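Please treat every number below as a calculation from the coordinates, not as lab data. Values in this document were obtained by computation on a predicted structure and should not be read as measured data. Cβ: placed from backbone, ideal geometry, glycine included. Neighbour counts: every protein chain shown.
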Amino acid sequence: MGSDGRSDLLRTQSPELALRYKLKTMPAISAFAPGKIILFGEHAVVYGQPAIAAPVTGVHARAIVSPILNGLSGQIRVIAPQIKTEDDYHGLPVDHPIAVAIAGVLEVLKPVRIPACELRISSTIPIGAGLGSGAAVSVSIIRAFSKYLGRHISDPQVNDLAYRVEQIHHGTPSGIDNTVITYEKPVYFRRGQPIQFLQVNKPLTLLIADTGIFSPTAVAVENVRKAYNEQPEKYSGIFSSIGEISAQARHLIESGQSEQIGPLMNRNHELLQEMGVSSSELDHLVNIACHAGAQGAKLSGGGLGGNLIALVQTLDAPRIAAELMGSGAVHTFTTTIRASNI
Ligand code: PMV
């Protein structure tokens, strides 16, 4: 919160007036966070295998914090219309994802006082669709609220706090969603290991298509957990094959051999089918994309519904998108993973 001559003068004469002046002149603070796609390695990444993810800037979550002029110090009004939430922070259950994000900021910053505020959350990222909506909401809240309190939270801290919220969404998150969304860069991610950013040699155009089927990550992750407990050898084998694919894909992406990436996506999708996290709708749309000329396609994220991604030539994207829409997709959009500035 900045200061000017008038507020300095008021502070010496009347701290209360100074505070009111400060709040009145304080702009609303907002922060955005992108969505994400998983190019390779979902689910296997929970079991220690590497995975590749990239931010998707065409969709985002946004948190806006504005002061409440006559509010009581410490009041944080939370408004999130898309999840039908309107309540004070203290009225939210302690394990509510938004409450956990706010509590994390308070724990790190330990502010002496919190000027009453309204925290408004909105998002263009579909919920339960594998595009990282939960992590993006957390990151936007953490950044906007800490800024409102006049303090900076480092990226590693944002990442740690967002990870805590991911644990609410599903008990055993790998951490890939919060990492790629916090840093907004393509990552080669391995659970519990230092973050490795991917050096993308040539841009990749991906078509993202939504089956329209709501699918919470927690359900898919739990299904895999049960299946793994029942058939550990089979599932360990699938996970390692996926890990090898991620490693090969990293090499192809970093050396610019993009024409060989598509077949790896197809193979990753087959392994996800074997794992039991695909669905007839995802399989159908993956086939449509490949027959329409995509270089490769797979589900992305938790699966059982949600979105698939298809690697395409930029010029082919509108035609393939039209075929997908004509075959049951409810929404499509393209995203580009840009080449890194090495
Ligand atoms: O949140 P989603 O649906 O994008 O899935 C995240 C990826 C998983 O590997 C399925 C889970 C995880 O924690 O890595």
Item to check | ³J(HN,Hα) computed for each position of the range 196-206 - Karplus, 6.51 cos²θ - 1.76 cosθ + 1.60, integer Hz, glycine/proline x | outcome: 10, 7, 8, 8, 7, 7, 10, x, 10, 9, 10
Checklist entry - Can you run phi through the Karplus equation (6.51, -1.76, 1.60; θ = phi - 60°) for the range 211-227 and list ³J(HN,Hα) in whole Hz, with x for Gly and Pro? => result 6, x, 9, 5, 8, x, 4, 4, 5, 5, 5, 5, 4, 5, 4, 4, 4
Checklist outcome for this item: Counting only residues 5 or more apart in sequence or on a different chain, those whose built amide H sits under 5 Å from that of residue 302 are 130
Checklist entry - What is the fewest-to-most order of 291, 96, 284, 269 by other Cβ atoms lying within 10 Å of their Cβ? => result 291, 284, 96, 269
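Only Cα pairs under 8 Å and at least 6 apart count here; give the relative contact order of the chain as a rounded whole percent. Walk me through the numbers on the way to the answer.
Numbers: 720 pairs, mean separation 71.3, N = 342.
Computed over the chain, the figure is 21 percent.
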Checklist entry - Å³ per residue of the Cα convex hull, for the range 218-301? => result 86
Next on the checklist: Through the Karplus equation 6.51 cos²θ - 1.76 cosθ + 1.60, θ set to phi - 60°, convert the phi angles of the range 148-159 into ³J(HN,Hα) values in whole Hz; use x for Gly and Pro.
Outcome noted: 4, 7, x, 10, 9, 10, 5, 4, x, 5, 4, 4
Next on the checklist: Show log10 I(q)/I(0) for the range 247-342 at q = 0.20, 0.21, 0.25 Å⁻¹, two decimals, from a solvent-free Debye sum over equal Cα scatterers.
Outcome noted: -1.00, -1.09, -1.38
Item to check | Built amide H within the under 5 Å cut-off of residue 75, gap 5+ | outcome: 116, 117
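Determine the alpha carbon to alpha carbon distance for each of 185/298; 202/298; 185/234; 84/298 and list only those over 23 Å.
Working: 185/298 21 Å; 202/298 20 Å; 185/234 33 Å; 84/298 32 Å.
Cα-Cα > 23 Å for 185/234; 84/298; rest within.
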Item to check | Residue exposure sequence - 145, 239 - by fewest surrounding Cβ within 10 Å | outcome: 239, 145
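What Kirkwood hydrodynamic radius do you get for the range 116-219 when you take the inverse of the mean 1/r over all pairs of distinct Cα atoms, in Å?
Numbers: mean 1/r = 0.0658 Å⁻¹.
It works out to 15.2 Å.
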Checklist outcome for this item: So, for the Cα atoms of the chain, Rg and Dmax in Å stand at 22.0, 75
Checklist outcome for this item: If 281, 254, 259 are placed from fewest to most neighbouring beta carbons inside 10 Å, the sequence is 259, 254, 281
Item to check | Gap separating the Cα centres of the range 43-101 and the range 230-256, nearest whole Å | outcome: 32
